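Everything below concerns the one structure shown next.
Read-outs throughout are calculated quantities, based only on the coordinates presented, and are distinct from any laboratory measurement. All values derive from a computational prediction rather than experimental measurement. When we count neighbours, we look across all protein chains shown, and the Cβ atoms used for this are built from the backbone with ideal geometry, even at glycine.
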Amino acid sequence: MNMLTISPIRAFSDNYIWLITRGNQGFVVDPGEPGPVVTALQAGGIELTGILVTHHHFDHTGAVDALKAETGCEVWGPPDSPAGPYDHTVREGDTASVLGVDFSVLNVPGHTLDHIAYYSATERALFCGDTLFVGGCGRVFEGTPPQMRGSLEKLRRLPPDTLIFCAHEYTLANLRFARLVEPNNSALSEFLSACEAKRANDQPTVPSSISDELSCNPFLRWESPEIVKTLEASGRLTDDSPDGVFTAVREWKNTA
């Protein structure tokens, strides 16, 4: 049985700040905007005791200082981060205790060099920031495509029922692109229809699961013969290795 409750706080146009609660205690993940967090805390009678940061981008860290000043909470985040230093610096092999539940830290560079993720085996929950999205992955800003694929390889090895709490509602655009890359994937078509129904009712499509992503996300499916065929047919593939396939899909998405 899960000990924690995880709820989305909407921020900016498409960000999710994740509120983790147990009783009247709470953590937030990647707070970019203070107002929605304060509103959610007040509405739930929640005392903010901690913040988890996945990477330094402002839409994930912009509210850290204000929330820390208002609540006295402590902050966990990656080393050598432009948005640091944090009260607790964590890297792969470390754990962050969140309201009595241990989250393992994973290094997942690519989108940024300081990017980390937090995974709880007991909660089957992954907070992955902008590394893995529902149906997609983050742009490769600071790292390299092979580095990003290595990070995604690490995440796709997690248990299939792991819930993916990513930081943006990019799902429909991601899945519509995925259908261009792998048009005969029936699981993808079904998943897209389900996500479209959720968005029509203004419901989040996040979290998904590792099993959903393994079935539908082209950025985890570099071994798919159909994806290779589509890339070859469109003249986008120069290297059919896993890194080559991933890089070609990522470059296509950048301009789609």
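Here is how the numbers come out for the structure above:
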quantity: Computed label-point distance, nm, for sites F12 and S211 using a 7 Å Cα→Cβ extension; calculated: 3.2 nm
quantity: Positive dipole terminus of segment 5-255, leading residue within A233, I6, F103 (C-beta point charges); calculated: A233
quantity: Cβ-based net charge around A125, under 15 Å, with every Lys or Arg adding one and every Asp or Glu removing one; calculated: -4
quantity: Using θ = phi - 60° and Karplus 6.51 cos²θ - 1.76 cosθ + 1.60, couplings along segment 106-120 (whole Hz; Gly, Pro as x); calculated: 10, 7, 9, x, x, 4, 10, 6, 8, 5, 10, 10, 10, 10, 10
quantity: Straight-distance crosslink candidates among lysines, where the alpha carbon sits under 19 Å from K253 and sequence neighbours closer than 8 are dropped; calculated: K229
quantity: In sequence order, calculated HN-Hα J values of segment 34-42 (Karplus, 6.51, -1.76, 1.60; Hz; x Gly/Pro); calculated: x, x, x, 5, 4, 4, 5, 5, 5
quantity: Spin-label pair M3/A121, simplified geometry with 7 Å Cα→Cβ offset, distance in nm; calculated: 1.5 nm
quantity: Dipole magnitude of the chain about its Cα centre (Cβ charges: Lys, Arg +1; Asp, Glu -1), debye to nearest 20; calculated: 460 debye
quantity: Percent RCO, i.e. relative contact order, over the chain, from Cα pairs under 8 Å lying at least 6 residues apart; calculated: 13 percent
quantity: Among G23, G235, G77, residue whose mean-square fluctuation peaks in a GNM of the chain (springs only between Cα atoms under 10 Å); calculated: G235
quantity: Gain in span if fully extended, A187 to R91, counting 0.36 nm per residue against the direct Cα distance; calculated: 31.1 nm
quantity: Rounded FRET efficiency, nearest 0.05, which uses the C-beta distance separating E232 from S104 and R0 of 45 Å; calculated: 0.70
quantity: Charge dipole (debye, nearest 20) of segment 90-145; +1 at Cβ of Lys and Arg, -1 at Cβ of Asp and Glu; calculated: 140 debye
quantity: Proximal aspartates and glutamates to K68, defined as alpha-carbon separation beneath 14 angstrom and excluding residues fewer than eight positions away on the same chain; calculated: D30, E33, E47, D87
quantity: Estimated distance in nm for a label pair at N24 and R157, the labels positioned 7 Å out from Cα along Cα-to-Cβ; calculated: 4.4 nm
